[in-house]
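What follows is a short report on a single structure.
The values are calculated or read from the model by the stated rules, or taken from the named source; none is laboratory data. Source: prediction; values computed, not measured. Neighbour counts are summed over all protein chains in view; Cβ atoms, including those assigned to glycine, are modelled from backbone coordinates with ideal geometry.
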2 protein chains.
Amino acid sequence: MRAAAIEAAAELFGTAGYRGATFKDVASKLGMTAAGLTYYFPDKDALLAAVLHERDRPAVAEETAIPPSPSRSDITDHVMRILAENIAHPGLAELHCVLSAEATSAEHPAHEHFRDRYRRARELLTDTFAAATARGEIRPSVPPRTLATLLLGVLDGVQLQWLLDPEEIDMQATVRAFIADLLAPPDSP
Amino acid sequence: MRAAAIEAAAELFGTAGYRGATFKDVASKLGMTAAGLTYYFPDKDALLAAVLHERDRPAVAEETAIPPSPSRSDITDHVMRILAENIAHPGLAELHCVLSAEATSAEHPAHEHFRDRYRRARELLTDTFAAATARGEIRPSVPPRTLATLLLGVLDGVQLQWLLDPEEIDMQATVRAFIADLLAPPDSP
């Protein structure tokens, strides 16, 4: 029942947003009363925390699949795996899109979660790009931290366009062009 | 009162989202009853339509300020003006971020609005990049439509990170690096 409640909450938060969905909506989706659901989760914030925790699990598993000092082509492969996952589960992509946007408000209960998640992702990617630049695999004219911010921006921003218009946007080809071509050093073949 | 209602609705939609804010919330913010507000707007959808219409006005005015066949540096200048506007009015940036994310659901009342807005923006930018590429000002190895999708993605995605963490993200320097460096042709100085 815990797992079913997390799944129902994730689906509602992805469509109506955390703010647009009520605790009672989640209970109704499970065919139970709000009072019954409190046996598993005391309130909507506890559901949100469980959804965010659950959502982070595949990403953490994925991270261990990256080689220690990834090349540009390792980065491309890793990002393509994430995108394939999102294309297979558009509900998860929408959940991330809606919750991260809502969480820009400093008072949102997931504000620190998303701010810190992006900080960690930027740190990790900055180190990755710095090492790959030192090996001559990434164009050296833009600071690694700027490239890290841009790659995360491309992933979120292209995914937004894909969610709005899936027939029009080839998310994988677009992101691949960014990494394989725009990030390549000037003298690459 | 109409203008005040639009402003109040824009503020509430930007923080709580269209789905999280009620018609009554907007009325309360104006110190009136929901029945009183219906004199100006019949329902929440009418408020949303007015907010989206109002928000589009500055962008339309801006577009007329672009020269007919913009160079890469004209594009940079134009984008920097948009970013300066968003930095001066973070509430408008947040409104766009939250509403566009919510609108990824096909049932959202602004779904078509955002889908069509992005289609138009991609068309316009595709033409711009195609012309600039033909003049040798943009790297020719990536199709103009892909570059258009990437630039819109960078704008939204970097803005999301800036809204979450304004002290950490230099939105203007990051976007400038994308246009001035990553989009430059290989042989540019």
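Does A:S100 qualify as being within 12 Å of the chain's Cα centre (by Cα) and in contact (Cβ under 8 Å) with a residue 24 or more places away in the chain?
When the stated conditions are applied, A:S100 passes them.
Total residues in segment B:1-10 satisfying the condition of being touching a residue at least 12 places away in the same chain (Cβ under 8 Å) and either in contact with a strand residue (DSSP E or B) (Cβ under 6 Å, 6 or more places away or on another chain) or surrounded by fewer than 18 Cβ atoms within 10 Å (Cβ to Cβ) (or both): the figure is 3.
For (1) modelled with pLDDT under 95; (2) crowded, with 24+ Cβ neighbours inside 10 Å; (3) at the interface with another protein chain (Cβ under 9 Å from one of its Cβ atoms); (4) part of a helix (DSSP H, G or I), each residue gets a yes or a no:
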position: A:S141; (1), (2), (3), (4): yes, no, yes, no
position: A:G153; (1), (2), (3), (4): no, yes, yes, yes
position: A:Q172; (1), (2), (3), (4): no, no, no, yes
position: A:R176; (1), (2), (3), (4): no, no, no, yes
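Could you list, in sequence order, all residues of segment B:156-170 that are within 7 Å of another protein chain (Cβ to nearest Cβ) and in a helix (DSSP H, G or I)? If the condition is that a residue be within 7 Å of another protein chain (Cβ to nearest Cβ) and in a helix (DSSP H, G or I), then B:D156, B:G157, B:V158, B:L160, B:Q161, B:L163, B:L164 are the ones that fit. Looking across B:I87, B:I82, one residue alone is more than 9 Å from every other protein chain (Cβ to nearest Cβ), of a type in the set (V, I, T) and within 20 Å of A:R115 (Cα to Cα). It is B:I87. None of B:A46, B:A27, B:A110, B:A106 is within 14 Å of chain A (Cβ to nearest Cβ) and either touching a strand residue (DSSP E or B) at 6+ places or on another chain (Cβ under 7 Å) or free of Cβ contacts under 8 Å to residues at least 60 places away in the same chain (or both) except B:A106.
There is no residue in segment B:125-134 that is in contact (Cβ under 8 Å) with a residue 24 or more places away in the chain and at the interface with chain A (Cβ under 9 Å from one of its Cβ atoms).
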